[in-house]
1. Write out, first by first residue and then by second, each pair whose Cβ atoms fall under 8 Å of each other, whose residues are 6+ apart or on separate chains, and whose first residue, in the range 55-76, is not assigned by TED's automatic domain parsing to the domain that holds Ile114 and assigned to a strand (DSSP E or B) while the second is of a type outside the set (Gly, Ala, Ser) and surrounded by 15 or more Cβ atoms within 10 Å (Cβ to Cβ).
2. Looking only at helices (runs of 4 or more DSSP H) that fall completely inside the range 160-255, which ones have 3 or more residues that are away from the ligand (no atom under 12 Å from the Cβ) and in the same structural domain as Leu342 (by TED's automatic domain parsing)?
3. What number of residues within the range 145-159 are of a type outside the set (A, V, I, L, M, F, W, C) and within 16 Å of the ligand (Cβ to nearest atom)?
4. Would you confirm, using the coordinates I've provided, whether Leu360 is crowded, with 18+ Cβ neighbours inside 10 Å, closer than 28 Å to Ser121 by Cβ and in contact with a Lys or Arg (Cβ under 6 Å, 6 or more places away or on another chain)?
5. Restricting to the range 394-438, and then to whatever is touching a Ser or Thr at 6+ places or on another chain (Cβ under 8 Å) and assigned to a loop (DSSP other than H, G, I, E, B), can you tell me which residue is nearest to Ser123 (Cα to Cα)?
6. Quick check: anything in the range 29-43 in contact (Cβ under 8 Å) with a residue 12 or more places away in the chain, in contact with a Lys or Arg (Cβ under 6 Å, 6 or more places away or on another chain) and in a strand (DSSP E or B)?
7. For the range 84-93, does any single residue satisfy the condition of being under 23 Å from Asp23 (Cα atoms) and either surrounded by fewer than 18 Cβ atoms within 10 Å (Cβ to Cβ) or within 16 Å of the ligand (Cβ to nearest atom) (or both)?
8. Being out of contact with any Leu (no Cβ under 9 Å at 6 or more places or on another chain) and modelled with pLDDT of 95 or more is the filter here; which residues of the range 215-226 pass it?
Amino acid sequence: MPNKIILKKKITNFCKQISIPGDKSISIRWVLISSLARGVSKAQNLLMSEDVIASIQAIRKLGIKVLTKKNICKVYGDGIKGYRYKKNLVINAQNSGTLGRLITGILIDTPFPIKIIGDKSLSKRDFKRITNPLSKFGASFQLNNNKLPLIIKGSKELKPIKFFENKGSAQCKSSIILGGIKVEGKTIIRAKKSRNHTELLFKHLKLPIKIKKKKKFDLIEVRKVNEIKPINYNIPSDISSGAFFIALTVLTKKSQLIIKNVNVNPTRIGVITILRKMGVKILLLNKKNYKGESIADIFIKSPKKIKSINCPSNLNSEAIDEFLIIFLIAAKAKGISYFKNLDELNKKESPRLEWGSKILKMMGIKVITTKNSIKIFGNPNLKIKNKIMIKNYLKDHRVFMTSVVAALSFGGEWHIHDKDAIKSSFPSFLKIVNLLKKK
Ligand code: S3P
């Protein structure tokens, strides 16, 4: 199978209802926390992408039985001390920062050193951001220039810590929360606002966590956990995957879309807030609460005009995985859009601020970028005629999917390489694209 696609035709107006796969952040958390529970946890609609499969493989390496059949996954946990540690264990987090960072927190009490490795992209990412605070618990770490491969040397004499998380990184926050449950005493985290799936799952499971919400940060207190009950969970759909279809609807005249049963946790819907500010009509229908998470059907209608935006940076964390497609929409807005304080964006699976600027320039859009900001000079009449080649050597799934949305929205001849990249988060992406193409 060729690993590139060629797109030469814009998509025409559509009016459809779609379902998309399970939320990646919740899927990985469910796998990891279920592996510490006592008894059989069962999930429906678990995302079966490479990041989640890598999480399943990781807990299997630690001696936990996992069965998957159709849409159901069962994890046979043996309690918080149930891992079967062995000498010379290597865990491959592949492309997943969430897996690599969260599991490192869980493993701070390992009796034997454990090595964490990842793919080319993950091996370029910073792990010092978690090993610094985790080493204060008493574990020690060996890194390769702040990066993977890393070796965890656990400790039996762990002590609680106080940690200031100031990047707005849910992975760092969650890594420390998961370390904290192995430690006698009160671990305190002062965390800049970020996605809160770990905290919500802890609350649902009645684990010892206290959260005080302040304006700009949360104060989180965690204590040692002795027992976790099995977790039955029906995973809602991932807004970060849905966002590509939200964007396609916004950029395709006279279109409407409903995306069913999506997680619209307030810490994840920055893309909706930003697009509404840009004049897009988006409704959240049939809203309900599920185990502390908010779920709704999302309705989107393509706007007649897109407004430019000076994006408030307090929305950055809530929209962090969606900026590439937000930039695409800004390319078609009337006026200049400005996005700032995006230091974290270049630290993702690939340098996404650089990619955003590169793709827009190839499309003939004027942009001015600094190391953490981008100014986009929108063109509401943008039509692409030239040939565009996207070679995404770090195989960033969101770079691939953004390029597909751009090709289908603006025309031109796009040669988009590294199709395999979608396997990490959204293997059925192109199938759903084809569904929208069908009349
Ligand atoms: C994630 C947190 C975010 C996000 C990533 C998933 C999570 O990363 O970009 O795709 O599941 O906790 P950071 O915590 O590094 O911001």
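1. No pair meets every condition.
2. 239-251
3. Counting residues in the range 145-159 that are of a type outside the set (A, V, I, L, M, F, W, C) and within 16 Å of the ligand (Cβ to nearest atom) gives 2.
4. no
5. That would be Leu394.
6. yes
7. yes
8. Within the range 215-226, Phe217, Asp218, Leu219, Ile220, Glu221, Lys224, Asn226 meet the criteria.
The values are calculated or read from the model by the stated rules, or taken from the named source; none is laboratory data. Since this is a predicted model, take the numbers as computed values, not measurements. All Cβ positions, glycine included, derive from the backbone under ideal geometry; neighbour counts span all protein chains shown.
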